[in-house]
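See below for the structure under consideration.
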Amino acid sequence: MNAKITMTRNEMQTSFKWNIEAMYPDESVWESDFLEVIKLSEKYKIYSSKLAADSRTLLEAFINKDKIWQLLEKLYVYSRMRRDEDNRLDKYQTMNDRCSSLIAKASTAMSFFIPELLTIPELKLRDFIENESGLQIYKFAIDNILREKAHILSNEEENIISQYSEITGATNDIFTMLNNADIKFGTLIDEDGDEVELTHGKFIGFMESSNRDLRKKAFEMMYAAYIKQINTIATTYNYNTKTDVIVSRIRKYPSSLNAALSGDNISLSVYENLIETVNKNLGLLYRYMDIRKKILHLDELHMYDIYVPLYKSPDKNLSYEDALQLMKDGLSVLGPEYMKRVEDGIKNRWIDVYENQGKTSGAYSFGSYDSMPYILLNYNNKFKDVFTLTHEMGHSIHSKFTREEQPFIYGGHSIFTAEVASTVNESLLMKHLLASETNIEAKKYILTLYIEEFRSTLFRQTMFAEFEMLTHKAVENGESLTADWLCREYKKLVGKYFGPDVILDKEIEYEWSRIPHFYNSFYVYKYATGFSAATAISEKIISDGISGRDEYIEFLKSGESDYPIEILKIAGTDMSSPEPIESAMKAFESLIDQLERLI
């Protein structure tokens, strides 16, 4: 019996590693940049009490603030991504911790900026903008600051909050280290009789196994590890939520949810419409669960039966090279301007492909304004992995277009719009596969894969969003999030979303404890809204041809130059209405109808 051991970082071929060295070929330059940020931050205090003096001084303050953040972003991205390569290495943990401290110090040094800006009479600010051409770039940023005026504190208070920022982010760091470096799940025997280490990256693979006993064993082993740590994790999440609530109160928001939505100028109704509309359509999910139960020929459908494919994958062992080609075929409808950047990303090693010991689980797109828009994967040669690749490439191309077109201050993008860019890619790939596949069995597989995207993104992420709303409301009402409370409330939600015919195994009530996104509160709803918007936009790209494609690329170039709801309108979608979510539900129902006709 051979053991399948996860490879070390050194064992991975260079061609499958991201070119992180391009950021800092010599790490002594990282240290020099670190010292430069300290120097610039200390020097920045010269602008204190002088912002209202004249328009040129205000412009210089904006420019130098951007300069500090741009360099600091590069420092942080490099140290964080190096840490993510192998979380066990003290060197990059230390560098990343130093960066977190530096961010706090720089924030403190510049914390006077917004409170002082808000003391300048608005008419005077408008006059500055009109008479200083360089300030035109910052007009939207200034308007956005004025919009948040009621929630900006005094200079002294903002200074205090900045100094505490390193501490308030500690719960996320604690969970990250526990989840990626410390927690172990053990080994089990796979279908081939080999002993395999159970990891984050391999868990879903086991959940997709046709061997039900193996699925059940992996399911129980995974949650057994979290159950052992459940009180520690509950305490960590409790204080993460308390931090959100306390900060929102200090900033005079009606609730922590209002505070989280305010940054993107998102109405509370957008969040509520999502949950309300999905809840109204839970019958469709129950219907799909019933179909799943029938196709699998099961008397009872358990939570470890939710992920197993209903049909065999067209490719049991999809090479990374084949995945790249499938992605390119699916995205070709986006045209040469888009595809050139995809080819550049592959050629220039944006992507870190395979899992290695200590590597951060999951997948993401990340980078600084000055770097490649990198992609972290844990590619496992599964057909579904091509969708992860395509999803993250959507984020990275979005970043590429934005950084080419926008100045640093608008060079990022809100998660609300970012999730649209990634999910449009997935949707286009799926539509391409469904349209081009002639084999009925393969078409059934692809169809159920698309249905699963709806279940796992639109339904599951909305369930997570509802859970976050419950936990934050509880803390706002003076309750404490104990392990018992969290498990009880989470189990109720799972029961509501999956319906009466799915067996709620004991382990599922602990699922909340392994979700990293809960430490970036009120984040996950954007997956669901993004999925809904992407469903509409991908249809428009296909139906409208070049005009739909060009409108979409203009959206990708917009960065944060306007509010997310307004930027999405460029691509023809209005998320202030429940219509895109209702439309997505109709698309989900249509897919179920198609599946029923084929079985």
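Any read-out appearing in this document is the output of simple, stated calculations on the displayed coordinates, not a laboratory observation. Because the structure is a prediction, the values reported are computed rather than measured. Here the Cβ positions follow ideal geometry from the backbone for every residue, glycine too, while neighbour counts run over all protein chains shown.
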**Prompt:** Between Asp505 and residues 5 or more places away or on another chain, which pairs have amide H atoms under 5 Å apart, with H built 1.01 Å from N, and which residues are they?
**Reply:** Met303
**Message:** Apply the Karplus curve 6.51 cos²θ - 1.76 cosθ + 1.60, θ = phi - 60°, to the phi angles in segment 218-235 and return the couplings in whole Hz, x for Gly and Pro.
**Reply:** 5, 4, 5, 5, 4, 6, 4, 5, 6, 4, 5, 10, 4, 6, 5, 5, 4, 5
**Asked** Calculated FRET efficiency, Glu272 and Arg56, Cβ-Cβ r, R0 41 Å, to nearest 0.05?
**Response** 0.35
**Prompt:** Whose amide H sits under 5 Å from the amide H of Thr187, counting only residues 5 or more places off or on another chain, with H placed in the peptide plane?
**Reply:** Leu198
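Subtract the Cα-Cα distance of Asp173 and Leu470 from 0.36 nm times their separation in residues, and report this length gain in nm to one decimal.
104.6 nm
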**Prompt:** Along the charge dipole of the chain, Cβ charges K/R +1 and D/E -1, which of Ile174, Gln229, Tyr523 sits furthest on the positive end?
**Reply:** Gln229
**segment 19-168: relative contact order in percent, alpha carbon pairs under 8 Å with at least 6 residues between** = 28 percent
**Cα-centred dipole magnitude for segment 19-168, charges only on beta-carbon of K, R (+1) and D, E (-1), debye, nearest 20** = 200 debye
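What is the fewest-to-most order of Arg212, Arg251 by other Cβ atoms lying within 10 Å of their Cβ?
Listed from fewest to most nearby Cβ atoms, that is Arg212, Arg251.
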**Asked** Applying 1/(1 + (r/R0)^6) with R0 = 45 Å to the Cβ-Cβ distance of Ile160 and Ile295, what FRET efficiency is obtained, to the nearest 0.05?
**Response** 0.15
**Asked** Rg to Rh for segment 23-96: what is it, with Cα atoms only and Rh by Kirkwood?
**Response** 1.13
**Asked** Where nothing but the Cβ of Lys and Arg (+1) and of Asp and Glu (-1) is charged, how large is the charge dipole of segment 347-468 around its Cα centre, in debye to the nearest 20?
**Response** 280 debye
**Asked** How large is ³J(HN,Hα), in whole Hz, for each residue of segment 486-498 in order, when computed from phi with the Karplus curve 6.51 cos²θ - 1.76 cosθ + 1.60 and θ = phi - 60°, using x for Gly and Pro?
**Response** 4, 5, 5, 5, 5, 4, 4, 5, 4, x, 5, 6, 8
**Prompt:** About its Cα centre, how strong a charge dipole does the chain have in debye, to the nearest 20, once Lys and Arg get +1 and Asp and Glu get -1 at the Cβ?
**Reply:** 460 debye
**Request:** Taking GluC sites (Glu not before Pro) as candidate sites, keep only those in a DSSP loop with at most 13 other Cβ atoms within 10 Å, then name the longest stretch of the chain containing none of them.
**Result:** 1-190
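How do Arg98, Arg549 rank when sorted from fewest to most other Cβ atoms within 10 Å of their own Cβ?
Arranged by neighbour count, lowest to highest, Arg98, Arg549 become Arg98, Arg549.
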**Item:** C-alpha center-to-center spacing [segment 510-579, segment 50-90] in angstrom
**Value:** 27 Å
**Message:** Longer than 18 Å from Cα to Cα, which of Lys328/Lys431; Lys340/Lys443; Lys17/Lys359; Lys347/Lys400; Lys149/Lys473 are they? Say none if no pair is.
**Reply:** Lys340/Lys443; Lys149/Lys473
**Fill in**
One finds, for Ala22 and Glu220 with R0 = 45 angstrom and r their Cβ-Cβ distance, a FRET efficiency to the nearest 0.05 of 0.55
**Item:** Rounded Å value of the spacing that divides the Cα centres of segment 115-134 and segment 270-287
**Value:** 45 Å
**Complete:** Between the Cα axis of helix 282-295 and the main Cα principal axis of the chain, the angle (0 to 90°, nearest 10) is 40 degrees
**Cut-off 13 Å between beta-carbons: net charge of the residues surrounding Ser262, Lys and Arg +1, Asp and Glu -1** = +1
**Message:** With θ taken as phi - 60° and the coefficients 6.51, -1.76 and 1.60, list the Karplus ³J(HN,Hα) couplings across segment 65-77 in order, rounded to whole Hz; mark glycine and proline as x.
**Reply:** 5, 4, 4, 5, 5, 5, 6, 5, 4, 4, 4, 5, 4
**Prompt:** Which residue, chosen from Phe185, Tyr44, Phe555, occupies the Cα position most advanced towards the positive end of the dipole of the chain, where the dipole is computed from +1 (Lys, Arg) and -1 (Asp, Glu) charges on Cβ about the Cα centre?
**Reply:** Phe185
**Asked** What ranking of Val502, Val308 emerges when the number of other C-beta atoms within 10 Å of each C-beta is taken as an exposure proxy, fewest first?
**Response** Val308, Val502
**Item:** Glu31 paired with Leu504, simple spin-label distance in nm, labels 7 Å along Cα-to-beta-carbon
**Value:** 5.6 nm
**Fill in**
Residue separation between Asp550 and Val247 times 0.36 nm, minus their alpha-carbon distance, gives in nm 105.0 nm
**Asked** Say a paramagnetic label sat at a point 7 Å from the Cα of Ser15, along Cα to Cβ; which residues of segment 345-378 have their backbone N under 20 Å from it?
**Response** 345-356, 375-378
**Prompt:** Roughly what % antiparallel, to the nearest 5, for the DSSP beta bridges in the chain?
**Reply:** 45 percent
**Item:** Other-chain or far-sequence residues with amide H under 5 Å of Ile351's (modelled H)
**Value:** Asn19, Ile375
